[in-house]
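Working notes, beginning with the structure itself.
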There are 2 protein chains.
Amino acid sequence: MEVHPLVFKALGDPTRRAILDRLRGGDLSAGDISHGFEIGKASISHHLNLLKAAGLVKCRRQGQQQIYTLHTTVFQEALQWLMTFFKEQTEAPSPKEAGKSGKNGSRG
Amino acid sequence: MEVHPLVFKALGDPTRRAILDRLRGGDLSAGDISHGFEIGKASISHHLNLLKAAGLVKCRRQGQQQIYTLHTTVFQEALQWLMTFFKEQTEAPSPKEAGKSGKNGSRG
DNA sequence: TTAATATTTAGAAAATTATCAAAATATCAT
DNA sequence: ATGATATTTTGATAATTTTCTAAATATTAA
């Protein structure tokens, strides 16, 4: 299971998560995104760059504006990575693994 | 939809994700976790602290060792947050939202 | 071309995070 | 109590990230 490392790094910042949350309501220009944030437009632009690099958003020019939109494909990958932490039990363990009991017992 | 901010921050670091990946194979002591990493045990302990603070792992003492184990409940929360980016379309929009068309047209 | 608006980029400063070495804590065995 | 092992904490330094201001780019409208 592989996820582009930039995805979780991008999701790790609260400002960027807030941007993504806002984008759920519909596409927005860079300027509209920056409204409501304390930090300046240049900083928001920087965050948008990271989100773009991670593949979480895409943008297109519309006149003088850049319109940002969610790119949900990448969310799915992150989703799947998280899900591996649940399905591990359902997959049949290899016989080699079955007899595993090293110096650290796995249960008190 | 709320997720403890520390969760995504914790997931944002590659070393911590590697620790979680390793823990999928079964519970491990702090020492066993640190094997195979370039960085020292003190640093791993620091990372384990962050994972614990985020609620992604728990640990119990077993003699001289601390045994770390995944705590999957918190993964579910992160999972659900990510899923909100898909289910947004299925939820009926409020009438107020329907007539929304500001200075930025949302579609060419 | 010039002026105006929208956004990004560059460079530096501030804030945060990761890492290490050394000291401290906890448990086990003697 | 002393010594050994396992892990964490502390304090300092290094590396990364965030933010800012100012300058640069791109588009539109005269």
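Bear in mind these aren't lab numbers, they're just calculated from the coordinates by the rules spelled out. Since the model is a prediction, treat every value here as computed from it, not as a measurement. Please note: Cβ atoms are built from the backbone with ideal geometry, for glycine as well, and neighbour counts cover all protein chains shown.
Here are the numbers for this structure:
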{"read-out": "For region B:1-96, average projected area of the Cα convex hull in nm²", "value": "7.5"}
{"read-out": "Position A:THR69, label points 7 Å along Cα→Cβ, spacing to each other copy in nm (shortest first, one decimal)", "value": "4.7"}
{"read-out": "Cβ nearest the rotation axis (A onto B), residue from chain A and distance to the nearest whole Å", "value": "A:GLY12, 1"}
{"read-out": "Distances in nm from A:LYS58 to the matching label points in the other copies, shortest first (labels 7 Å along Cα to Cβ)", "value": "4.3"}
{"read-out": "Extension reserve of the B:ALA18-B:GLU77 stretch, reckoned as 0.36 nm per residue once the Cα distance is removed", "value": "19.3 nm"}
{"read-out": "Entries of A:LYS41/B:LYS41; A:LYS87/B:LYS52; B:LYS9/B:LYS41; A:LYS87/B:LYS58; A:LYS58/B:LYS52; A:LYS41/B:LYS52 with Cα pairs more than 30 Å apart", "value": "A:LYS41/B:LYS41; A:LYS58/B:LYS52; A:LYS41/B:LYS52"}
